[in-house]
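The values are calculated or read from the model by the stated rules, or taken from the named source; none is laboratory data. No experiment lies behind these values; they were computed from the predicted model shown. With ideal geometry, Cβ positions are generated from the backbone for all residues, glycine too; neighbour counts draw on all protein chains shown.
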Amino acid sequence: MTHFENFTEDSLEKAVIETLQEMDYEYAFGPDLSVDGSRPERKDYREVILEGRLRDTLYKLNRDLPPDAIEDVYRRVITFNSPSLIENNRHFHKLLTEGVDVSFHKNGGIKTEKAIIIDFEHPERNDFLVVNQFTIIENENRRPDVLIFVNGLPLVVIELKSTTDENVGIEQAYNQIQTYKQDIPSLFYYNAFCILSDGINAKTGTITSNEERFMNWRSVDGVNVASLDVPQYEVMIRGMLE
């Protein structure tokens, strides 16, 4: 899509999903993944990870580790001990980027190795999924617009607003993320960054960014500034989520 439109929120959501599907993301409709959906991948609405995908990927990426060690990695990924959202996010980010040290019995002794949660060197070995309308019930019942799951982990939240309502835009999308942090904080333990868009503008930031620190992304290939003919949301998605 290489032209600007007056997007309703639904049509912008569809355009974002279509762009990600063009980039080889699998797509799932949130209600289908729930306990009573057509392809359930969650036990209940409190779960923010997709357990089966996470387990499958941990086994696939760490074939040299025994099952007990993989289960230990899984427990470490889903266990958070701080009352602080930011501290829990920092803890997970360390596991994500540095790997997880696990110890296990081998040849009569104890061996320690590092398990990986994401294969950064071989991206094609990971599981990429885009989901819309994924209901989460924690302090409140909330349903973020679009979530990006990598290996069953919700790493990116995309919040969208309509260009057809002149009173609604990026500021409201930012405020919605702040509401989610209060109401469904466990989603953000895993968050790498958030994307906001109203179809014309698109900005990205982290859970600690104030509104002024949410910034544009101007390149698809990381080298050349994208043409002004390409909508900002598309530049951001193709540039950040490849």
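If a residue has to be in contact with a Phe, Trp or Tyr (Cβ under 6 Å, 6 or more places away or on another chain) and in a loop (DSSP other than H, G, I, E, B) to count, how many in segment 79-88 make the cut? Qualifying residue count for the region: 1. In segment 210-233, the qualifying residues are those that are assigned to a loop (DSSP other than H, G, I, E, B) and among the hydrophobic types (A, V, I, L, M, F, W, C), and the one that is surrounded by the most Cβ atoms within 10 Å (Cβ to Cβ) is Phe214.
Quick check: is even one residue across segment 27-40 surrounded by fewer than 17 Cβ atoms within 10 Å (Cβ to Cβ), in the same structural domain as Pro154 (by TED's automatic domain parsing), hydrophobic (A, V, I, L, M, F, W, C) and in contact with a strand residue (DSSP E or B) (Cβ under 8 Å, 6 or more places away or on another chain)? Step through it out loud before you land on a result.
Going residue by residue through segment 27-40, those that are surrounded by fewer than 17 Cβ atoms within 10 Å (Cβ to Cβ) are 27, 29, 31-32, 35-40.
This time we only want the ones that are in the same structural domain as Pro154 (by TED's automatic domain parsing), so: 27, 29, 31-32, 35-40.
Subset that is hydrophobic (A, V, I, L, M, F, W, C): 29, 35.
Subsequent filtering for residues that are in contact with a strand residue (DSSP E or B) (Cβ under 8 Å, 6 or more places away or on another chain) retains 29.
Within segment 27-40, one or more residues are surrounded by fewer than 17 Cβ atoms within 10 Å (Cβ to Cβ), in the same structural domain as Pro154 (by TED's automatic domain parsing), hydrophobic (A, V, I, L, M, F, W, C) and in contact with a strand residue (DSSP E or B) (Cβ under 8 Å, 6 or more places away or on another chain).
Of all residues in segment 47-73, those being within 16 Å of Thr112 (Cα to Cα) and either of a type in the set (Ser, Thr, Tyr) or assigned to a helix (DSSP H, G or I) (or both) number 7. Here Arg75 does not qualify as outside the structural domain of Leu153 (by TED's automatic domain parsing) and either more than 21 Å from the chain's Cα centre (by Cα) or touching a residue at least 60 places away in the same chain (Cβ under 8 Å) (or both).
The single residue among Asn89, Asn107, Asn126 that is loosely packed, with under 12 Cβ neighbours inside 10 Å and of a type outside the set (A, V, I, L, M) turns out to be Asn107. Within segment 201-209, does at least one residue satisfy the condition of being within 17 Å of Glu87 (Cα to Cα), assigned by TED's automatic domain parsing to the domain that holds Glu26, surrounded by 20 or more Cβ atoms within 10 Å (Cβ to Cβ) and not aliphatic (A, V, I, L, M)? No, segment 201-209 contains no residue that is within 17 Å of Glu87 (Cα to Cα), assigned by TED's automatic domain parsing to the domain that holds Glu26, surrounded by 20 or more Cβ atoms within 10 Å (Cβ to Cβ) and not aliphatic (A, V, I, L, M). Are any residues in segment 179-222 among the charged types (D, E, K, R) and without any contact (Cβ under 8 Å) to a residue 24 or more places away in the chain, and if so, which ones? If the condition is that a residue be among the charged types (D, E, K, R) and without any contact (Cβ under 8 Å) to a residue 24 or more places away in the chain, then Glu212, Arg213, Arg218, Asp221 are the ones that fit.
Being charged (D, E, K, R) and either surrounded by 13 or more Cβ atoms within 10 Å (Cβ to Cβ) or on the phi > 0 side of the Ramachandran plot (or both) is the filter here, so list the residues in segment 41-86 that pass it. The answer is Glu41, Arg42, Glu47, Glu51, Arg53, Arg55, Asp56, Lys60, Glu71, Asp72, Arg76. Of all the criteria given as (1) among the aliphatic types (A, V, I, L, M); (2) touching a Lys or Arg at 6+ places or on another chain (Cβ under 6 Å); (3) in the same structural domain as Ile195 (by TED's automatic domain parsing), the one not satisfied by Val130 is (2).
Per-residue answers, yes or no, for (1) in a loop (DSSP other than H, G, I, E, B); (2) at pLDDT below 95:
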position: Phe120; (1), (2): yes, no
position: Phe134; (1), (2): yes, no
position: Asn139; (1), (2): yes, no
position: Glu159; (1), (2): no, no
position: Val168; (1), (2): yes, yes
position: Glu171; (1), (2): no, yes
position: Tyr174; (1), (2): no, no
position: Lys181; (1), (2): no, no
position: Cys194; (1), (2): no, no
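For Val35, the criteria (1) outside any helix (DSSP H, G or I); (2) among the hydrophobic types (A, V, I, L, M, F, W, C); (3) closer than 22 Å to Arg238 by Cα hold in every case but one, which is (3). Residue check: Arg76 meets all listed conditions (1) closer than 25 Å to Val156 by Cβ; (2) outside any helix (DSSP H, G or I) but one, namely (2).
Can Pro154 be described as in contact (Cβ under 8 Å) with a residue 60 or more places away in the chain, buried (at least 23 other Cβ atoms within 10 Å of the Cβ) and closer than 23 Å to Thr79 by Cβ? Show your work before the answer.
Numbers: in contact (Cβ under 8 Å) with a residue 60 or more places away in the chain: yes; buried (at least 23 other Cβ atoms within 10 Å of the Cβ): yes; closer than 23 Å to Thr79 by Cβ: yes.
So Pro154 passes the test.
Applying the set (1) farther than 16 Å from Leu20 by Cβ; (2) surrounded by fewer than 21 Cβ atoms within 10 Å (Cβ to Cβ) to Leu187 leaves exactly one unmet item: (2).
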